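Below: the structure, in structure tokens.
The values are calculated or read from the model by the stated rules, or taken from the named source; none is laboratory data. This one's a predicted model, so the numbers in the text were calculated from it and none came from an experiment. Methodologically, a virtual Cβ is constructed for each residue, glycine included, from the backbone with ideal geometry; neighbour enumeration extends over all protein chains shown. These accessible areas exclude ligands, DNA and RNA; they are computed on the full protein's heavy atoms, side chains included. Shrake-Rupley method; radii C 1.70, N 1.55, O 1.52, S 1.80 Å.
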Amino acid sequence: MRHAWTIAKNDLSLRARDRSIYIIGLVAPLALAFIFNAVFGGGISDVGETITFEVGIANVDQGPIGAAFEDVIDSIASDGLLEVTTFDSAQAARSAADDGTVGAAFILPEGLSDAVLGGADATIEVVGNVDAPTTTQVASSISEQFGIGVRTANLSVATAMASGALSPEEAFAAAGEAGTADPAIEVGSVEAASRQLDSAAYFVAGLSIFFLFFIAGMSITSMLEERREGTLSRLLAAPIKRQSIVAGKSLASILIGLASMTVLVIVSSLIMGADWGPPVGVAMLIVGAVLAVTALMIAVGSFAKTPEQAGNLQSIVAVTLGMLGGTFVPIAQEGFLAKLSLITPNAWFIRGLGDLTGGGISAALPAVFVLLAIALVAGSIGLIIAGRSLRL
Amino acid sequence: MSNARVLEATALKKSFGDIHAVRGVTFHIEVGETYGLLGPNGAGKTTSISMVSGLLQRDGGEVLLDGESMTTRSLGPKQNVGLVPQDLAIYPDLTARENLRFFGQLYSMPKAELTKRVDEVLEVVGLADRADDRSSEYSGGMKRRLNIGIGLLHRPKLLVLDEPTVGVDPQSRNAILESVEHLSSEGMAVLYTTHYMEEAERLCNRVGIIDQGEIKAEGTRRQLVELVGQQDLIRISATGVPDAALEDLRRLGGVDSVSPADGTLELLVSDAGALLPEAMRVLGSHQASVSAVSVQEPDLEAVFLHLTGKALRD
């Protein structure tokens, strides 16, 4: 261990003189986080803020179904999720959607209620603005869910009529009531989840772990450079264990990574107002992330024969895991990509920080354990391969 | 095994795929001895010393350093070896002092001793006045000297120098050779590889001539020369040499022939160093006037040519 520390100190000294480490470790992640936060910040996931979608509605139907739909929309609007503009005609609604006055418009055509209550097919038209795909998607979902509710009610009434329980007059009245009953749709709150980072912390976290890959990659590239420069022969000829060389190089990267992440957290808190959560939890996650990323980079780099090869391999891995892990843009909470993101330390680090802010240290422990497990597995593989490949 | 043997390498073998780089190389080095491995590029010199230094796993054979087996994972024997690789093995962003301190720490030198020893080595290699400059700012010769300094910092029993003068200007080259001579005179065993015949002749007590992974012949320069039957040629520019003097010269032991021509006598002898004083005494006793003397000894280049059928620089 003493020799590993000697090698680590030497590496730290050399990297301190190579000023690029300051760029990779501090300047670049902080600068990019500033930019990302300025561009995307506040529109994605600010805690406590509610996203409002601007929609329009043209109810030409004037029947019970149209009225029921308007009630649903009013109900959602009252929660602050929709800002509704009413139009007199379908054409006016279309124009408003086209010119961007609203993000999307619902058009309830004439005869909608008659068609629905008569058992025929009918359509609620949703017109979306090309620049407001999210609003359009939300509007489509609302109308779709409303349609499901109406179909269910119609099916129930039809069944009752077939069994003789309702007369046609009663059935008509029941169907009208079904349309005006509580909406069958449950529009979940689009408010940001309580366990999510603020945008400043999110971008600094994502970018700091992204650049951490390049800091960690130096452990292997430094060894390969020593081979090329000839100094590796001196290290191998010295009375030290070969593992000390790998350990020393890794230790240097780990220390630089820890310093970089710590400084970024402090600076982003002071300058950008980032809220990271309890410091102990943040420290645990940082240690886990640094160990995991360093181990991954050793494992990846140990397959390379030259510093250039190692650099290329590591860049590919860093960018791929960065994309998958939500470094640049948040990954959806569900679906295939969400599951895939869990192979990355990036996602676990960000998820851990989110859990930390929402649920405290205990909530972040699973992420810490996963990061340490990644470090253990990748580190074991990397150290074995790197140790074996440590030759002239 | 003699206790005086610092290094004993026996039947070393190493192959890289189908290439048999070293095929049964055997040699030993004693305390205070400088042993040269002389051979052209690709002869197997660097591979041999890499096995000796514990850098390279050997396929066969044995290396004993002060009686202990050396492998790539040996720690004790490595403590006794100082390696000076052919390529510069220094950190250009560090100063000479920092380079020395770092490598000294890897040899577990106590702090106080290391500080003192670093200063000593800086003096030995002539870098004391530039000790705190980054080595990237040094000339090629200074870098070479620092490269050597790192190798001898921890007072190894065996200093291994792999072609230390390649690409060095004549002045620095001479300084390096003088350093090696100095170290040898202080009792350090030196393993010196070179393809420069003059360096091997100047520095080495014994030389192993290596080619195609095998030591073709080994011994002192004299032994090697005798091995191929070559003789020294003494040229004496002299006037007033009577026939009786020529007869007396021919009767001296070790003289094969005496040829007078145009005021010059050419004597083919087995050992010019031993015979020259006798020859001068004979000429003096016959009142001959000697104006110049030169000795041309057969060199290792000729020996190498004889043994391998090719020149050293082929």
Looking only at the range B:44-62, and only at residues there that are open to solvent by 20 Å² or more (accessible area, probe 1.4 Å) and at the interface with chain A (Cβ under 9 Å from one of its Cβ atoms), the one that is nearest to B:S135 (Cα to Cα): B:L56
Do we find a residue being closer than 12 Å to B:F304 by Cα and of a type outside the set (F, W, Y) anywhere in the range B:170-193? no
Those residues of the range B:77-110 which are part of a helix (DSSP H, G or I) and more than 7 Å from chain A (Cβ to nearest Cβ), in sequence order: B:P77, B:A96, B:R97, B:E98, B:N99, B:L100, B:R101, B:G104
Spot the failing condition for A:T136; the list is (1) in contact (Cβ under 8 Å) with a residue 24 or more places away in the chain; (2) surrounded by fewer than 16 Cβ atoms within 10 Å (Cβ to Cβ), and only one is missed. (2)
Looking at the range B:220-255, which of the residues that are free of Cβ contacts under 8 Å to residues at least 24 places away in the same chain and under 21 Å from the mean Cα position of the chain (by Cα) is most open to solvent (accessible area, probe 1.4 Å)? B:Q223
Only one of (1) open to solvent by 10 Å² or more (accessible area, probe 1.4 Å); (2) closer than 28 Å to B:L114 by Cβ fails for B:V160. Which number is that? (1)
Checklist (1) modelled with pLDDT under 90; (2) touching a helix residue (DSSP H, G or I) at 6+ places or on another chain (Cβ under 8 Å); (3) crowded, with 16+ Cβ neighbours inside 10 Å applied to B:V295, failing item: (3)
List the number of the failed condition for B:T115; all other conditions in (1) of a type outside the set (A, V, I, L, M, F, W, C); (2) within 13 Å of another protein chain (Cβ to nearest Cβ); (3) not in a strand (DSSP E or B) hold. (2)
How many of the residues in the range A:81-96 are under 28 Å from the mean Cα position of the chain (by Cα) and open to solvent by 30 Å² or more (accessible area, probe 1.4 Å)? 1
Any residue in the range B:22-43 that is in contact (Cβ under 8 Å) with a residue 40 or more places away in the chain, charged (D, E, K, R) and under 30 Å from B:S136 (Cβ atoms)? no
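Across the range A:229-248, what is the total count of residues that are closer than 23 Å to A:I384 by Cβ, part of a helix (DSSP H, G or I) and open to solvent by 10 Å² or more (accessible area, probe 1.4 Å)?
Adding up the residues that qualify gives 5.
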Filter result for B:G151 (buried (at least 22 other Cβ atoms within 10 Å of the Cβ), more than 25 Å from the chain's Cα centre (by Cα) and either at pLDDT below 90 or within 12 Å of chain A (Cβ to nearest Cβ) (or both)): no
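State whether the residues of the range B:30-41 include one that is within 14 Å of chain A (Cβ to nearest Cβ) and either surrounded by 21 or more Cβ atoms within 10 Å (Cβ to Cβ) or within 20 Å of B:V180 (Cα to Cα) (or both).
So the first thing to find is which residues in the range B:30-41 are within 14 Å of chain A (Cβ to nearest Cβ), and the list is none.
Within the range B:30-41 (the criterion being within 14 Å of chain A (Cβ to nearest Cβ) and either surrounded by 21 or more Cβ atoms within 10 Å (Cβ to Cβ) or within 20 Å of B:V180 (Cα to Cα) (or both)), the answer is no, since none of the residues qualifies.
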Given A:G100, A:G119, A:G128, A:G111, which one is under 19 Å from A:T52 (Cβ atoms) and surrounded by fewer than 20 Cβ atoms within 10 Å (Cβ to Cβ)? A:G100
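Quick one: which residue in A:L212, A:L251, A:L224 is open to solvent by 30 Å² or more (accessible area, probe 1.4 Å), at pLDDT 85 or above and within 39 Å of the chain's Cα centre (by Cα)?
A:L251 is the lone residue from the list that is open to solvent by 30 Å² or more (accessible area, probe 1.4 Å), at pLDDT 85 or above and within 39 Å of the chain's Cα centre (by Cα).
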When restricted to A:A338, A:A274, A:A386, A:A373, the only residue part of a helix (DSSP H, G or I) and under 19 Å from A:A205 (Cβ atoms) is A:A338
Those residues of the range B:188-215 which are open to solvent by 10 Å² or more (accessible area, probe 1.4 Å), touching a strand residue (DSSP E or B) at 6+ places or on another chain (Cβ under 9 Å) and not in a loop (DSSP other than H, G, I, E, B), in sequence order: B:M197, B:E201, B:L203, B:R206, B:E214, B:I215
Mind listing whichever residues of the range B:78-110 are open to solvent by 10 Å² or more (accessible area, probe 1.4 Å) and farther than 27 Å from B:V6 by Cα? B:Y91, B:P92, B:D93, B:T95, B:R97, B:E98
With respect to A:L207, is the statement that it is at pLDDT 90 or above, over 23 Å from B:L153 (Cβ atoms), in a helix (DSSP H, G or I) and more than 14 Å from chain B (Cβ to nearest Cβ) true? no
On the given criteria, is B:G39 modelled with pLDDT under 90 and more than 21 Å from B:N147 (Cα to Cα)? yes
Any residue in the range B:267-280 that is open to solvent by 10 Å² or more (accessible area, probe 1.4 Å) sitting within a Cβ distance under 7 Å of a residue that is among the small types (G, A, S)? List the pairs, counting only those 6 or more apart or interchain. B:L268/B:S257; B:S270/B:G254; B:D271/B:G254; B:A274/B:G254; B:L275/B:G254
Matching residues in the range B:63-76 - criterion: being open to solvent by 10 Å² or more (accessible area, probe 1.4 Å) and either out of contact with any strand residue (DSSP E or B) (no Cβ under 7 Å at 6 or more places or on another chain) or within 12 Å of another protein chain (Cβ to nearest Cβ) (or both): B:G67, B:E68, B:T71, B:T72, B:R73, B:S74, B:L75, B:G76
Checking the condition in contact with a Phe, Trp or Tyr (Cβ under 6 Å, 6 or more places away or on another chain), within 14 Å of A:I215 (Cα to Cα) and in the same structural domain as A:L224 (by TED's automatic domain parsing), which residue from A:A295, A:A289 passes? A:A289
Among the candidates B:R101, B:R117, B:R134, B:R130, single out the residue that is without any contact (Cβ under 8 Å) to a residue 60 or more places away in the chain and in contact with a His (Cβ under 8 Å, 6 or more places away or on another chain). B:R117
Among the residues of the range A:58-71, which ones are aliphatic (A, V, I, L, M) and either buried (at least 22 other Cβ atoms within 10 Å of the Cβ) or not assigned by TED's automatic domain parsing to the domain that holds A:N129 (or both)? A:A58, A:I65, A:A68
When you look at A:L264, is it open to solvent by less than 10 Å² (accessible area, probe 1.4 Å) and either under 23 Å from the mean Cα position of the chain (by Cα) or away from chain B (no Cβ under 14 Å) (or both), yes or no? yes
